[in-house]
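Shown next, in C-alpha cells, is the structure this report addresses.
The values are calculated or read from the model by the stated rules, or taken from the named source; none is laboratory data. All figures in this text were calculated on a predicted structure; none of them were measured in a lab. Reconstructed Cβ throughout: ideal geometry from the backbone, glycine too, with neighbour counts over all protein chains shown.
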Amino acid sequence: MRDGTAVAKESMEIKRVGVLGCGLMGSGIAQVCASAGFEVTVLEVDQKFLDKGFAGIEKSLAKFAERPPEKGGITAQQKDAICARLKGTTNQSDLADRDIIVEAIIENVAEKKKMYASIDGIVKKDAIFATNTSSISVTELLTAVKRPERFIGLHFFNPVPLMKLVEVVRTIATADDVYHTAYEFAKKLGKVPVRTSDKTGFIVNRLLVPYLLDAIRAYEEGVGSLEDIDNAMKLGCGYPMGPFTLLDFVGLDTTYYITQVMYDEFKERRFASPPLLKRLVMAGWYGRKSGKGFYDYSDANQPRANKL
Ligand SMILES: NC(=O)c1ccc[n+]([C@@H]2O[C@H](COP(=O)([O-])OP(=O)(O)OC[C@H]3O[C@@H](n4cnc5c(N)ncnc54)[C@H](O)[C@@H]3O)[C@@H](O)[C@H]2O)c1
C-alpha cells in the first residue's frame, strides 16, 4: 500500500473546514476542528438540526471546561473562542472557500453522491473532500465528483471529542499530496491517524465485526450466558466492555447493516449475520437507543440480560 508520506513531503495548508451534517458525528467533528483552531462552517438541511447539533457541542465543551487542564480541560475563554469559530448554514454556497470538506451526512449512497455532485462545482477546485462513511466504498462516492484524486476517507470514532483514532482511507485514485495533507490534518486535530485502504470495514470493523458476530454465535451455541460472555471478555482480555454491551451501544440495526455490506464485499461466513441478530433487528430491538437489545434498559443504571 502506498502510504503517501514517502512521495509527498508537501502538504497543503488547511485553515477553513466545512463539515456536512451536524448529527452525532458531524457535530463532534466540527467541535474537534474548532477546538484545534480551524474556522468551521457546518452545513445542514434544516436550522433545527444545526440547533440540536450546536446544543450538543455546547454541552460537551461545558464538560471540558469542568476538567483540569492536565486532563484536557479548557477555560471559559477558550470555550467561547471555540464557539466563535463555529458557524452553521443551510446554504451550500457558504462552503465555497473551504480547504477541506468533511462529510458526515446519513449513511446512504444515493444521498451522499447527490450531495457531492451538487457541491463539486461550488467548493474551490483544490479543496479536499473527505467522507466519514463507515461502510460505503469511498471509491464509489468519488465517482460523483470531477476531482477523484482529491477524495479520501477520514473515519472518526464515536464520541469524536473523546476517541483518539482516525482511519485515513486511501483509494486507488487518491493523490499522494492529498493523502499526506489529510493525514497531517488528523494529527492537528489531536487525533492518532492510521493508514488504511478502501476495503469495506477498513481496519477496525474488519477485525471487530467478526469478533462481535462470533460472540453472538457462541451465545447461540450455549457457550455461556450474555453476562458471562461479557464478563469473560472484560476480565479475561481487559476490554472496556463485553461484546453484547458493545453491540447494544453501537446499535444492532447499524451492526446488522454493516454485516450485510461486509458479507456482500467478501462473501465470507465470518461477516454473515447470525440468525439471532437478524431477529432482534426485525423485532425492533436495536439496543440502548430503543431501550431493548441483548439487554433491557428499563432501568438505565442496571441493564438486565434478556432471555433470548
Ligand atoms: N454513529 C457512529 O458511531 C459513526 C461512527 C463513524 C462513522 N459514522 C458515519 O458518519 C456519518 C454520519 O453518521 P451519524 O451517526 O452522525 O448520523 P446522524 O443521523 O446522527 O447525522 C446525520 C446528519 O446528516 C444530516 N443530513 C442528511 N442529509 C443531509 C444533506 N443532504 N445535507 C446536509 N446534512 C444532511 C441529517 O440531518 C443529520 O443531522 C455516516 O456516514 C456514518 O456511517 C458514524
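Residue by residue through the stretch 148-189, note down the ones that are within 15 Å of M25 (Cα to Cα) and either more than 16 Å from the ligand (Cβ to nearest atom) or of a type in the set (D, E) (or both).
E167, the sole residue that qualifies.
Scan the stretch 226-244 and tell me whether some residue there is touching a residue at least 12 places away in the same chain (Cβ under 8 Å), in the same structural domain as K292 (by TED's automatic domain parsing), in a helix (DSSP H, G or I) and under 19 Å from N158 (Cα atoms).
Within the stretch 226-244 (the criterion being touching a residue at least 12 places away in the same chain (Cβ under 8 Å), in the same structural domain as K292 (by TED's automatic domain parsing), in a helix (DSSP H, G or I) and under 19 Å from N158 (Cα atoms)), the answer is yes, since at least one residue qualifies.
Of all residues in the stretch 116-133, count the ones that are within 11 Å of the ligand (Cβ to nearest atom) and of a type in the set (F, W, Y).
Adding up the residues that qualify gives 1.
If a residue must be assigned to a helix (DSSP H, G or I) and exposed (fewer than 13 other Cβ atoms within 10 Å of the Cβ), how many such residues does the stretch 28-50 contain?
Step one: filter the stretch 28-50 for residues assigned to a helix (DSSP H, G or I), giving 28-35, 47-50.
Filter once more, keeping what is exposed (fewer than 13 other Cβ atoms within 10 Å of the Cβ): 47-48.
Qualifying residue count, the stretch 28-50: 2.
A quick yes/no check of all residues on (1) of a type outside the set (G, A, S); (2) within 16 Å of the ligand (Cβ to nearest atom):
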residue	(1), (2)
K59	yes, yes
R67	yes, no
G73	no, no
A76	no, no
A81	no, no
R85	yes, no
Q92	yes, yes
R98	yes, yes
K114	yes, yes
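Looking at the stretch 92-108, is at least one residue closer than 19 Å to M25 by Cβ and either touching a Cys at 6+ places or on another chain (Cβ under 6 Å) or outside the structural domain of V32 (by TED's automatic domain parsing) (or both)?
Scanning the stretch 92-108 turns up no residue that is closer than 19 Å to M25 by Cβ and either touching a Cys at 6+ places or on another chain (Cβ under 6 Å) or outside the structural domain of V32 (by TED's automatic domain parsing) (or both).
How about the stretch 280-301: which of its residues are of a type in the set (S, T, Y) and touching a residue at least 60 places away in the same chain (Cβ under 8 Å)?
Across the stretch 280-301, the qualifying residue is only Y295.
Within the stretch 165-181, take every residue that is out of contact with any Lys or Arg (no Cβ under 6 Å at 6 or more places or on another chain) and over 17 Å from S134 (Cβ atoms) and give me the one that is surrounded by the fewest Cβ atoms within 10 Å (Cβ to Cβ).
Within the stretch 165-181, the match that is surrounded by the fewest Cβ atoms within 10 Å (Cβ to Cβ) is I172.
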